[in-house]
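All remarks here apply to the structure that follows.
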Amino acid sequence: MFDKGKLNQLQSQKDTWEEGKLKKVLEKRPERKKEFTTGSNKEVGRLYTPLDVADLDYERDLGFPGEYPYTRGVQPTMYRGRLWTMRQYAGFSTAEESNERYKYLLEQGTTGLSVAFDLPTQIGYDSDYPISEGEVGKVGVAIDSLEDMEILFKDIPLDKVSTSMTINAPAAVLLAMYIAVAEKQGVSADKLKGTIQNDILKEYIARGTYIFPVQPSMRLITNIFEYCHKEVPKWNTISISGYHIREAGSTAAQEIAFTLADGIAYVQAAIDAGLDVDDFAPRLSFFFNSHNDLLEEVAKFRAARRLWARIMKERFGAKKEKSLMLRFHTQTGGSTLTAQQPENNVVRVAIQTLAAVLGGTQSLHTNSRDEALALPSEDSVRIALRTQQIVAYESGVTETIDPLAGSYYVESLTNKLEEDALEYINKIDSLGGAPKAIEKGYIQKEIQDSAYTYQKQIENEERIVVGMNKFMIEEPKPTGLLKVDPAVGKLQKEKLAKLKETRDNQLVNKNLEELSKAAEGEANLMPYIKEAVKAYATLGEICDVLREVFGEYQQNIIL
Amino acid sequence: MDRPIRVLVGKPGLDGHDRGAKVIARALRDAGMEVIYTGLRQTPEQIVEAAIQEDVDCIAMSILSGAHNHLFPRVMELLKEEKIDDILVIGGGVVPDDDIQPLKDAGIAEIFTPGTPTTTFINYIKENIIR
């Protein structure tokens with residue numbers, strides 16, 4: 001991008017500046033620290049100039065928005081055309097209460113739903129299983145059967161909203177329920193828009209809601225790819241997630257690397273199952289974190305987009321434009337929020353929102369200020385949503401595309417993050433791909449090392465967290481926190497007992513037996529799961545059948 | 001009694017957030033303690049059984065899912081049933097203030113909330129184990 005002669009001239013000017021003016025100032029007044037680093041411990045130079053991006057080729061490395069390699073964004077107009085989807089992750093207690101919260105969020109201007117399920121639901125247990133005791137309705141809504149799902153989306157027209165569901169191991173079951181609810185509303189599956197997370201590899205790595213071993217889990221995922229390609233073409237069949245990897249303590253480069261390595265594994269599995277890459281790749285979506293180091297995060301999003309496009313084109317030979325595009329949801333960083341002086345979290349979330357938007361996200365969840373204390377209250381959720389709206393309507397960063405492009409620092413950091421991530425991906429390839437690297441504990445260990453380093457830096461105050469290890473105050477007890485009614489467990493149990501009396505149990509058993517047989521063979525399981533769901537088989541019953549055939553994943557404990 | 005302090009780090013319930021538990025396990029180990037980490041999805045029964053088998057001085061549990069009011073006291077109940085009163089039991093995680101006193105009343109010695117430096121609970125364990 002730069003003229004060689006000019007660069008040489010610049011180098012000698014820089015040398016002169018360093019030896020002269022800079023040196024004098026440094027002698028008199030040294031800098032605040034010996035080493036400056038990003039939020040992910042990457043060294044940051046004093047000054048970036050064209051010399052740091054001397055090899056940048058505009059056409060090859062940046063291109064135009066909506067064009068390969070999509071560094072500048074996936075759409076030609078970005079936020080000038082349409083703002084990102086403001087999608088607040090919510091759900092707690094019973095389907096009835098969550099349904100109220102969704103309607104509130106829609107009234108407040110949220111533009112897409114995002115369903116949080118409780119842990120028993122995420123791990124395929126019904127509310128009346130002994131292991132579910134104490135967990136029902138806590139971190140999300142409890143869904144035991146199609147009946148709960150019907151209540152969850154009551155009076156919400158499924159052809160009008162797009163719905164994201166954070167569900168992984170039993171994603172096929174919840175997707176089948178969603179389709180069944182839509183059909184009852186008179187909405188056909190081909191009109192449905194939304195996303196299931198459906199990313200099991202990061203569950204093994206970082207999030208923990210796995211059920212089945214790797215192979216059958218990968219089969220369920222490719223079954224969904226295939227089924228949706230035919231029946232639910234507008235559905236995002238997976239949200240390949242770096243969010244939880246980052247929350248578990250990874251660096252920004254590791255977040256890109258481990259997420260894309262998981263992505264590579266899914267693409268390979270689907271190709272191995274006989275699918276054409278351009279049939280399913282356009283529906284792959286991603287999910288990233290946004291932390292406090294604004295410029296590093298922006299560079300991360302840009303690097304991830306470029307790297308994925310290159311992988312899809314060069315490694316998998318994808319041809320459709322949509323197969324090459326990394327479309328992503330972002331959530332602000334839960335682990336960056338402090339329990340101390342929680343109002344400060346509003347500011348952190350605002351910075352992280354800016355990073356996500358300057359990085360070109362397609363949708364965004366902003367965390368609430370009280371999340372280090374409890375589930376967010378309605379007030380906190382509103383402020384979080386308003387933060388997005390202020391960035392959208394008042395900050396001005398939406399008015400032009402990828403405004404930080406061309407910053408010597410941001411471009412140099414984008415290159416560096418892509419390089420680092422690629423190095424990790426090569427290492428994972430050499431271990432036999434993401435599933436093998438997870439089995440060996442390699443990915444987990446890398447993340448844990450980063451998490452531990454971070455903790456030590458906070459404790460020796462190399463890293464300052466305002467209000468937590470510096471600028472502390474005596475604080476009154478926080479008030480106005482949300483409490484989930486402990487009666488929800490009992491309520492769900494009663495609903496289940498009633499359901500099992502009133503449904504056609506013969507039909508349930510027949511459908512479950514057919515599912516079991518299909519699971520033993522090689523058929524696509526989606527149609528069988530859908531039939532079981534429609535007969536009001538419970539989530540636990542369906543997952544038990546699959547547990548029986550597939551077995552359960554055994555965690556590899558790495559310290 | 002010169003053997004190192006033995007601590008069982010446990011994740012009771014279905015919660016998969018183990019960053020804190022693992023950081024704590026490493027910090028305790030770096031502080032010279034012997035650490036047994038039993039991994040995710042442990043029932044209170046499994047935790048108590050492991051604590052007995054491993055003859056630990058302390059059980060340190062972490063929950064971020066909000067199930068602490070059920071699971072922490074359940075561990076205390078089981079210890080009582082086994083007539084064990086010489087294991088220090090502590091907890092950590094996203095535990096609202098209002099829940100802390102009832103948990104202490106149930107026998108949990110201390111609850112550590114987000115932002116606690118590792119040195120705080122390392123010292124707490126050293127000073128409070130029952131020997």
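The values are calculated or read from the model by the stated rules, or taken from the named source; none is laboratory data. Owing to the predicted nature of the structure, the values given are computational and were not obtained by experimental measurement. As a convention, Cβ positions derive from the backbone with ideal geometry for all residues, glycine included, and neighbour counts pool all protein chains shown. The protein model used for the area step is the full one, side chains on, heavy atoms only, and it has no ligands, DNA or RNA in it. Shrake-Rupley method; radii C 1.70, N 1.55, O 1.52, S 1.80 Å.
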Using only alpha carbon pairs under 8 Å that are at least six residues apart, calculate the relative contact order of the stretch A:59-444 and give it in whole percent.
17 percent
Give me the percent of the accessible area of the stretch B:6-128 that comes from carbon and sulfur atoms, probe 1.4 Å, all protein chains in place.
46 percent
Just tell me which lysines come within less than 16 Å, Cα to Cα, of A:LYS493; anything on the same chain fewer than 8 places away is out.
A:LYS138
Add -39500 (n - 2.57) for each DSSP H run of 4 or more in the protein assembly as shown, then divide by its residues: what number comes out at 222 nm, to the nearest 500 deg cm²/dmol?
-14000 deg cm²/dmol
If you keep only loop residues by DSSP, which trypsin sites (Lys or Arg not before Pro) in the stretch A:26-91 have at most 15 other Cβ atoms within 10 Å of their Cβ?
A:ARG32, A:LYS33, A:LYS34, A:ARG46, A:ARG82
Through the Karplus equation 6.51 cos²θ - 1.76 cosθ + 1.60, θ set to phi - 60°, convert the phi angles of the stretch A:102-115 into ³J(HN,Hα) values in whole Hz; use x for Gly and Pro.
5, 5, 4, 4, 5, 4, 7, x, 5, 10, x, 8, 9, 8
At 1.4 Å probe size, with no ligands or nucleic acids counted, give the accessible surface of A:PHE2 in Å², nearest ten.
70 Å²
Provide the descending list of Cα extents for the stretch B:6-128 along its principal axes, expressed in whole angstroms.
32, 31, 27
Whose amide H sits under 5 Å from the amide H of B:ILE36, counting only residues 5 or more places off or on another chain, with H placed in the peptide plane?
B:VAL7, B:LEU8, B:VAL9
With only alpha-carbon atoms counted, please give the Rg and Dmax of the stretch A:275-424, in Å.
16.9, 52
May I have the extent of the alpha carbons of the stretch A:168-322 along their three principal axes, as whole Å values ordered from largest to smallest?
46, 33, 30
Gain in length, A:ASP485 to A:VAL549, computed as 0.36 nm per residue apart minus the alpha-carbon separation, to one decimal in nm?
19.4 nm
For the protein assembly as shown, what size does the Cα cloud have along each of its three principal axes, sorted from largest down, in whole Å?
83, 67, 48
Chain pair A, B: how much accessible area is buried, both chains summed, with a 1.4 Å probe, in Å² to 100?
3100 Å²
Ratio of alpha-carbon Rg to the 2.2 N^0.38 Å globular estimate for the stretch A:409-559, to two decimals, please.
1.70
Under a 5 Å amide H to amide H cut-off, with H placed in plane at 1.01 Å, what residues pair with A:THR37 once short-range neighbours are removed?
A:VAL44
Considering only chain A, percent of DSSP beta bridges that pair antiparallel, nearest 5
5 percent
With all protein chains in place and a 1.4 Å probe, B:ASP57 shows an accessible area in Å² (nearest 10) of 10 Å²
Karplus couplings for the stretch B:27-39 from phi (6.51 cos²θ - 1.76 cosθ + 1.60, θ = phi - 60°), rounded to Hz, Gly and Pro as x?
5, 5, 5, 5, 8, x, 8, 9, 10, 10, 10, 9, x
Residue farthest toward the positive end of the dipole of chain A, with Cβ of Lys/Arg at +1 and Asp/Glu at -1: which of A:LEU354, A:ALA384, A:TYR452?
A:LEU354
tail above 23 Å in the computed P(r) of the stretch A:56-179, as % of all Cα-Cα pairs, reads 43 percent
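Past 19 Å, Cα to Cα: identify those pairs from B:LYS22/B:LYS104; A:LYS495/A:LYS534; A:LYS300/A:LYS470; A:LYS160/A:LYS184, in the order given.
B:LYS22/B:LYS104; A:LYS300/A:LYS470
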Can you list residues whose amide H is under 5 Å from A:SER145's amide H, if they're 5+ apart or on another chain and H is modeled 1.01 Å from N?
A:LEU539
Largest first, how would A:TYR79, A:TYR536 line up by accessible area (1.4 Å probe)?
A:TYR536, A:TYR79
Can you give me the solvent accessible area of A:ASP429 with a 1.4 Å probe, rounded to the nearest 10 Å²?
60 Å²
When the convex hull of its Cα atoms is projected in every direction, mean area for the stretch A:443-517 (nm²):
11.6 nm²
Output the pairs from A:LYS193/A:LYS319; A:LYS530/B:LYS11; A:LYS14/A:LYS34 with a Cα-Cα distance over 30 Å in this structure; if there are none, say none.
A:LYS530/B:LYS11
Please give the FRET efficiency for A:PHE471 paired with A:VAL44, using the beta carbon to beta carbon distance and R0 = 25 Å, rounded to the nearest 0.05.
0.60
What aspartates and glutamates does A:LYS23 reach when the alpha-carbon gap must be under 15 Å and sequence neighbours fewer than 8 apart in one chain are set aside?
A:ASP15, A:GLU31
From most to least accessible, 1.4 Å probe, no ligand or DNA/RNA atoms counted, A:LYS490, A:LYS202 line up as A:LYS490, A:LYS202
Distance from the stretch A:75-110 to the stretch A:114-147 (C-alpha centre basis), Å
22 Å
Which aspartates and glutamates have a Cα lying under 16 Å from the Cα of A:LYS440, excluding residues fewer than 8 positions away in the same chain?
A:GLU203, A:ASP262, A:ASP429, A:ASP449
With all pairs of different alpha carbon atoms counted, what Kirkwood hydrodynamic radius in Å does the stretch A:59-444 show?
20.9 Å
